[in-house]
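**Q** Below is the structure I would like to discuss, written out as structure tokens.
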Amino acid sequence: MKISRAAVAVSAVAVVAAGAGGVAYAADGSSTPATSSTSSPSSGPSTPTKHDPHGKHANRRTALGRAVHGVVTVKTKDGYKSVQLQRGTITADAGGKITVTSVDRFAHAYSVTSTTKIRVAGQKSTADKLATGQRVLVRSSASDGTGVAAIVVARPAKAAGH
């Protein structure tokens with residue numbers, strides 16, 4: 001069952017957007033969702049781009065960039081699947097397992113197996129290229145309970161002294 005990058009991205013954005021509304025609602029404490037008391041000038045409809053010909057997704061990339069961790073449900077060709085996403089830093093790397101800690105201090109351990117797809121700096125890579133201190137995005141199945149990373153996307157490790 002293959003999940004497209006677009007499906008994962010769109011699902012993550014939906015969770016982030018829903019969570020942002022829920023946070024605003026919870027922070028206000030009233031029975032109606034909070035609204036901003038200031039208004040900013042509207043630039044009108046989004047401008048179409050090469051990658052977004054209809055201009056409808058202009059703010060989704062920004063929202064996805066703020067996602068830290070969560071579980072989303074994505075539609076696949078075989079039905080629906082729950083997927084766990086986590087963005088953070090590798091804080092432990094030993095014995096085929098990595099522990100990823102997000103900026104909100106949420107930590108989760110993932111097994112890295114021969115079936116885990118690993119990309120470092122946009123290129124196919126191997127588990128030995130993952131290191132403590134490296135920033136990563138991990139996707140795993142939320143429903144199987146195994147904690148096996150399906151995909152690990154990493155930035156290149158910083159050189160010593162940087």
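**Q** Could you please report the charge total around Ser143, scoring K, R as +1 and D, E as -1 over all other residues with beta-carbon less than 14 angstrom from its beta-carbon?
**A** So the environment of Ser143 carries a net charge of 0.
**Q** Determine, for Val136, Val68, Val74, the number of other Cβ atoms within 10 Å of each Cβ, and report the residues in order from fewest to most.
**A** Placing the least packed residue first, the sequence is Val68, Val74, Val136.
Values quoted throughout were computed directly from the atomic coordinates according to the rules given, and no laboratory measurement underlies them. A quick note: this is a predicted structure, and the numbers were derived from the prediction, not measured. Every residue, glycine among them, receives a Cβ derived from its backbone with ideal geometry; neighbour counts consider all protein chains shown.
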